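Worksheet for the structure shown next.
The values are calculated or read from the model by the stated rules, or taken from the named source; none is laboratory data. Bear in mind that the values here come from a model prediction, so they are computed numbers and not experimental data. Every residue, glycine among them, receives a Cβ derived from its backbone with ideal geometry; neighbour counts consider all protein chains shown.
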Amino acid sequence: MKSSSILVLWMALPISALQDPGPKEIDDLIRRLADDEIEARERAAERLVTLGAAARPALEAAAGAGNPEVAARCRQILARLFPFRILLKGAVFAKNAPVPATLVLENSSREEWIECMLGFDVKIKLLELYEEPPQEGRRHAGTYECRAGNGCTLSPSDFRTLAPGESNSIAFADLREHHGIEIAEEIEAKYPKFSTINPVLAGRYRMIARYRFDRAVYMKLCGKRCRIHDDPETMWNRCPEHPLEARVEFSLR
């Protein structure tokens, strides 16, 4: 699909920026987003897109304050650069306080495309410990999927159509309740009987979220060879398969 290739291109732009811009150039470009000339505004926006990650801090600052017109355009540029992102208010949280986070997937193309609701893969990794952990032996969290056994189990309700500029979000009330934590190798080596399945100990963590729709895996959810499986108009056959990833670090103290 054409919209899929556009998104892949935009995700690659932060990596392929060729010049190392200075803060003054970025600030000037952001100010030009309010220029009276449409062409000047568009040139400034395209240059900021090309600069990619280097412009992100200034864009985020301008998106939350100042001229409302500039703020709105900065948010549009950020959406083009980073269509999948994690919103995490704060970086340090008390051990006994919730750690809320939101995953946002936005259609930053100019065309309609389809997002698979089952495509989010979230992992949390313990990078560093700030306290002595319990030594109770390994525990593992188990999960399984269950689909209805009558009729075709592939469903359009698993998907959502996103119009240009529209976004879909999934909120986590508390990341401390997320099961299946990974532990850094150096921590495992130091504490071979360290037991945990949730991010509840004082330490530094990384949350990694991926959007990835794998058509072959999804088709296996239905073990029958239903006629509708191969229909090109079904949402699972129109959904792009490109992967997107976002990550953020936080600490519990």
Selection within the stretch 192-211 - free of Cβ contacts under 8 Å to residues at least 60 places away in the same chain and either surrounded by 13 or more Cβ atoms within 10 Å (Cβ to Cβ) or part of a helix (DSSP H, G or I) (or both): I197, N198
Residue, surrounded by the most Cβ atoms within 10 Å (Cβ to Cβ), within the stretch 212-246, restricted to residues that are part of a helix (DSSP H, G or I) and touching a residue at least 60 places away in the same chain (Cβ under 8 Å): W236
Screening A97, A79 for residues that are outside any strand (DSSP E or B) and over 18 Å from A45 (Cα atoms) leaves only A97
Tally of residues being without any contact (Cβ under 8 Å) to a residue 12 or more places away in the chain, under 28 Å from L88 (Cα atoms) and of a type in the set (D, E, K, R) across the stretch 25-68: 1
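Yes or no, residue by residue, for (1) within 21 Å of A71 (Cα to Cα); (2) part of a helix (DSSP H, G or I); (3) modelled with pLDDT of 85 or more:
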{"position": "V8", "(1), (2), (3)": "no, yes, no"}
{"position": "P14", "(1), (2), (3)": "yes, yes, no"}
{"position": "E42", "(1), (2), (3)": "yes, yes, yes"}
{"position": "L48", "(1), (2), (3)": "yes, yes, yes"}
{"position": "L59", "(1), (2), (3)": "yes, yes, yes"}
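Scan the stretch 52-68 and tell me whether some residue there is more than 21 Å from the chain's Cα centre (by Cα), within 19 Å of N107 (Cα to Cα) and among the aliphatic types (A, V, I, L, M). It would help to see each step written out before you state the result.
Residues of the stretch 52-68 that are more than 21 Å from the chain's Cα centre (by Cα), as a first pass: 62, 65-68.
Checking the rest, the ones that are also within 19 Å of N107 (Cα to Cα) come to none.
Within the stretch 52-68, not a single residue is more than 21 Å from the chain's Cα centre (by Cα), within 19 Å of N107 (Cα to Cα) and among the aliphatic types (A, V, I, L, M).
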Every residue in the stretch 82-94 that is part of a loop (DSSP other than H, G, I, E, B) and over 22 Å from T50 (Cα atoms), please. L88, K89, G90, A91, A94
Of the listed residues (E177, E166), the one being modelled with pLDDT of 90 or more, surrounded by fewer than 16 Cβ atoms within 10 Å (Cβ to Cβ) and assigned by TED's automatic domain parsing to the domain that holds G119 is E177
